[in-house]
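So the structure is just underneath, and the comments pick up after that.
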Protein chains: 2
Amino acid sequence: MPIVAFRIDPWSSEAVKEYEKLFKYFGIRPFKEVLPELRKLAEPHLLMRRGIVFGHRDFDRVLEAIKNNKRVAILTGLMPSGRMHFGHKMVIDQLVYYQKLGIDVFVAIADIEAYAVRKKSRKEVIDLALNEYIPNYLALGLDPEKTKIYFQSNHRTPYYRLIQMFSRKVTIAELKAIYGEDLETAKILAALTQAADILHPQLPEFGGYELVLVPVGADQDPHLRLTRDLADRFSNELGLTRPASTYHRFMSGLQGGKMSSSNPESYIALSDPPEFAVKKLMNALTGGRPTAAEQRRLGGEPEKCPVYELNAYHLVHDDSELREIYEKCKEGKLLCGKCKKETAERLKEFLKAHQEKLEQMKELSSKIVPRPRF
Amino acid sequence: MPIVAFRIDPWSSEAVKEYEKLFKYFGIRPFKEVLPELRKLAEPHLLMRRGIVFGHRDFDRVLEAIKNNKRVAILTGLMPSGRMHFGHKMVIDQLVYYQKLGIDVFVAIADIEAYAVRKKSRKEVIDLALNEYIPNYLALGLDPEKTKIYFQSNHRTPYYRLIQMFSRKVTIAELKAIYGEDLETAKILAALTQAADILHPQLPEFGGYELVLVPVGADQDPHLRLTRDLADRFSNELGLTRPASTYHRFMSGLQGGKMSSSNPESYIALSDPPEFAVKKLMNALTGGRPTAAEQRRLGGEPEKCPVYELNAYHLVHDDSELREIYEKCKEGKLLCGKCKKETAERLKEFLKAHQEKLEQMKELSSKIVPRPRF
């Protein structure tokens with residue numbers, strides 16, 4: 001029996017309600033519905049098996065297309081800000097999984113959004129992408145020869161033509177409904193650019209893919225809705241079709257709350273020295289009880305535990321091993337001290353292996369992704 | 001003595017007041033101020049000698065740059081809509097003049113603005129540019145080997161990067177002040193694109209010109225003001241400098257009012273068969289009096305005469321010949337019938353010679369300007 005979503009759900013019931021809204025009001029479908037069909041093609045990724053990828057739009061079209069040998073691309077965008085951490089790793093793990101299934105991977109570096117909307121310096125953003133994000137992506141297993149990585153500011157003409165053409169068929173009122181009343185020039189351009197990121201693999205100049213899949217966090221769905229509308233509006237003129245998408249849960253911060261690049265206490269970076277990472281882990285909040293005695297009596301609460309999350313999302317690949325941790329915790333047989341120590345071993349092992357690859361990938365990433373001017 | 005601006009001014013005093021506002025409120029300078037310096041370099045073009053090019057911003061910087069052997073570019077944009085007529089010819093005559101002085105010419109085909117703002121079909125716009133406008137430009141004397149002609153939808157990456165970067169430093173409120181409260185997504189992109197048209201020759205990838213000159217009709221100054229502001233805001237980051245500009249008067253329509261592509265009665269197209277063109281000329285409004293007797297007594301009004309304009313702007317190249325026409329008309333010695341006949345001869349001669357070149361240029365224009373996709 002697979003571990004189902006809500007058994008290991010690390011979120012408060014409030015968050016779960018938010019996700020349920022997505023099903024109810026926005027037409028996102030539960031991912032578990034497509035698991036049986038996916039299984040016919042390949043073993044689902046642990047993020048899928050464990051309900052961390054919880055929703056989708058049109059994923060059945062993706063499965064259908066793969067079965068019929070149609071060309072499918074998968075796209076992710078990266079905003080270079082701060083350091084790459086375990087929260088970011090989730091998307092890359094999915095890309096690697098799909099790439100192994102034969103789906104071509106596009107990575108858009110959102111340097112223009114970082115520059116124009118977030119007002120970062122061009123140099124800082126470009127350096128961060130080439131020295132921090134892309135090497136980590138490659139070290140996590142993306143094939144440097146097969147992955148199409150580009151900067152938004154440094155792509156080819158037909159991509160920009162798409163941005164220009166999109167401007168004809170979306171109103172400022174529609175953009176305000178998505179991006180808020182404080183919409184600004186830069187956000188408008190960023191929105192059109194993001195839609196072009198998602199849809200441009202369908203253009204003949206970029207491979208003429210029949211379908212593009214976009215794995216995102218649940219908060220990104222408004223962008224997907226805009227892009228779906230644009231695809232509809234350009235279906236006759238440019239032959240575009242709606243993208244498919246999947247939705248994953250966010251990781252909690254190590255101290256509770258959100259895991260965020262802007263709060264170093266909340267995350268472990270993939271390039272943190274292992275001993276330093278372990279220290280952060282040891283200081284992390286858990287789902288434990290105030291006293292050991294109480295925990296032995298009542299059991300722990302893995303659903304509320306960032307350490308359990310780290311295991312479930314990243315460090316424990318075997319489902320029965322994870323189930324054992326879960327159950328022992330619930331039964332009060334595995335206390336937080338021991339659990340953290342075991343997690344620390346897994347963490348160190350992962351980071352050591354990852355960081356060895358990372359060093360090799362730093363040089364490579366500057367070679368395979370041309371650095372934009374300015 | 002050169003024929004000065006207000007002597008041959010074909011506009012109502014109302015229009016003159018409008019132009020005077022440009023001097024007073026917007027800091028546009030009278031072009032006649034720079035004529036003496038220009039004369040040291042070259043004989044001014046007839047449009048300049050006759051006050052048809054009446055205003056400028058920073059033209060003194062252009063003269064200074066030429067004197068110091070700095071690299072100067074001149075740029076014009078063309079919006080493919082309807083047929084190319086004598087009203088359009090004015091700008092091209094200026095480009096040809098500057099090109100002979102050694103200034104490099106850029107021509108931006110505003111196909112994206114035509115598509116996204118004016119909602120024309122891509123195919124129609126592209127065909128019109130390649131079959132109608134560009135062949136006429138070349139037949140008017142632009143050097144096909146030296147002129148850099150591009151479609152807004154089909155340029156190179158650094159041009160688009162400029163558009164993206166501009167989005168950071170101009171607010172929607174500023175754009176509304178220029179383009180009106182009914183600003184839409186497409187107009188925002190068109191405004192940023194137009195600024196990139198004007199400023200991109202300064203980028204190293206496009207020649208690294210030190211200064212760009214833009215000759216425009218008086219109504220285009222708001223675009224120039226936006227572009228000057230953007231140049232200032234990117235002077236540190238990208239080393240951009242403000243463009244220089246000149247302002248010319250519009251031609252009147254043959255039936256009075258505006259000369260406009262959307263009203264075929266108002267213009268003579270450069271590809272009109274000469275006999276057809278002459279018919280339009282013969283039906284044109286003039287500055288004549290109700291009766292011949294009255295005209296002999298009071299003299300005609302060349303200032304109000306579209307036929308006189310056609311001579312002054314285009315058909316009579318010799319200033320003393322034009323002055324003779326002007327004076328004989330004013331003195332009641334040259335009546336409209338005779339004047340129209342003489343003008344018809346000049347018109348036929350011009351159109352015949354032009355249209356011979358035009359045929360050769362149609363093939364050439366498709367060769368030198370790559371046709372965009374879609």
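Only the coordinates and a few stated rules stand behind these numbers; no lab work does. Quantities reported herein were computed from a predicted structural model and do not represent experimental measurements. Note that each Cβ is placed from the backbone with ideal geometry, even for glycine, and that neighbours are counted across all protein chains shown.
Computed from the Cβ-Cβ distance with R0 of 56 Å, the FRET efficiency linking B:E327 to B:E205 stands at 0.60.
If the chain linking A:E363 and A:E349 were pulled fully straight, counting 0.36 nm for each residue of separation and taking away their Cα-Cα distance, it would gain 2.7 nm. If only the Cβ of Lys and Arg carry +1 and only the Cβ of Asp and Glu carry -1, the dipole of the range B:287-374 around its Cα centre is close to 380 debye. Taking every DSSP beta bridge that has both ends in chain B, the antiparallel portion is near 30%. Averaged over peptide B:166-175, the number of partner chain Cβ atoms lying within 10 Å of each residue's Cβ comes to 5. If each residue of separation counts as 0.36 nm, what is the full-extension length gain between A:N68 and A:E237 once their alpha-carbon separation is subtracted? Gain on stretching A:N68 to A:E237: 58.3 nm.
Relative to the dominant Cα principal axis of chain A, helix A:86-100 is inclined by about 60°. Can you give the charge dipole size of the protein assembly as shown about its Cα centre, rounded to the nearest 20 debye, using +1 on the beta carbon of Lys and Arg and -1 on the beta carbon of Asp and Glu? Using only the charged Cβ atoms, the result is roughly 100 debye. Note on the range B:5-253: dipole from Cβ charges, positive end direction compared against B:A110, B:V91, B:L226; the farthest Cα belongs to B:V91. Once C-alpha pairs closer than 8 Å and six or more residues apart are averaged by separation and normalised to the residue number of chain B, the relative contact order reads 21 percent.
Based on DSSP, what percent of beta bridges with both residues in the protein assembly as shown are antiparallel, to the nearest 5? The antiparallel proportion sits near 30 percent.
The sum of -39500 (n - 2.57) across all DSSP H runs of n ≥ 4, divided by the residue count of chain A, sets its helix-only mean residue ellipticity at 222 nm to -14500 deg cm²/dmol. Who wins for biggest fluctuation among A:L347, A:L203, A:L183 in a Gaussian network model of chain A, springs between alpha carbons below 10 Å? Comparing A:L347, A:L203, A:L183 in a Gaussian network model of chain A, the most mobile one is A:L183.
The charge dipole of the range B:5-253, taken about its Cα centre with unit charges on the Cβ of Lys, Arg, Asp and Glu (plus for the first two, minus for the last two), comes to roughly 260 debye. Against the main long axis of the alpha-carbon atoms of chain B, helix B:157-166 sits at an angle near 90°. Mean-square fluctuations from a GNM of chain B, with a 10 angstrom spring cutoff on Cα atoms, peak among B:H248, B:H56, B:H45 at B:H45.
In a Gaussian network model over chain A where Cα atoms closer than 10 Å are linked, find which of A:E124, A:E210, A:E321 has the largest mean-square fluctuation. Of the options given, A:E321 has the highest mean-square fluctuation.
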